[in-house]
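Down below is the structure, laid out as structure tokens.
The values are calculated or read from the model by the stated rules, or taken from the named source; none is laboratory data. Computed from a predicted model, the values in this text were never measured in an experiment. Cβ sites come from the backbone with ideal geometry, for glycine too, and all protein chains shown count toward neighbours.
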């Protein structure tokens, strides 16, 4: 993989992480309810879950590429169209409401394994994430590169970006939560435009 292609993937991965989603909201909620240090386990659990989803998506797309390059190209076009569709959905979605109903639970002892499992299960139980990765990753896959190498590059890059982002959310939870409540709709619109732009650019680039 060229450095240019990896940089494009890095920008796209950052854009994906910034998009409001279940794991980001969970890290924000846990940061409010339990504090920063316990939420680290939540973030690590979610990172492992995303790595598993990326591995599953890469395996499926890799098999499709090996079977038929034409079918793989069609999958890339469908994936680019899905990114545009997702951007429109995000634009139209209402602002997320932070659930702090469990704020008092912070007073009780927090178990690291429970926090880790929460993050992992939220990531792997989200079917939209698997569909997204199946649409997103083919835009950057390179024929002839082995599965372990692509998994290390794509999975490692995204996991690092996601960990940094969610740790920032957890650390700034007390300040970010009120802002998202007031301005979440505009945040969604900015994220929606970003994904429409990425999808359109990838479609044009594939011609």
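Regarding residue 18, is this residue buried (at least 22 other Cβ atoms within 10 Å of the Cβ) and touching a residue at least 40 places away in the same chain (Cβ under 8 Å)? Outline the logic, then answer.
Working: buried (at least 22 other Cβ atoms within 10 Å of the Cβ): no; touching a residue at least 40 places away in the same chain (Cβ under 8 Å): yes.
Answer is no for this residue.
Answer yes or no as to whether residue 45 is modelled with pLDDT of 75 or more and surrounded by fewer than 19 Cβ atoms within 10 Å (Cβ to Cβ). Don't jump to the end; show me each part of the working.
Details: modelled with pLDDT of 75 or more: yes; surrounded by fewer than 19 Cβ atoms within 10 Å (Cβ to Cβ): no.
No; evaluated as a whole, the condition is false for this residue.
Condition test on residue 29, is it buried (at least 19 other Cβ atoms within 10 Å of the Cβ), at pLDDT 65 or above and over 16 Å from the mean Cα position of the chain (by Cα)?
Details: buried (at least 19 other Cβ atoms within 10 Å of the Cβ): yes; at pLDDT 65 or above: yes; over 16 Å from the mean Cα position of the chain (by Cα): yes.
So residue 29 fits the description; yes.
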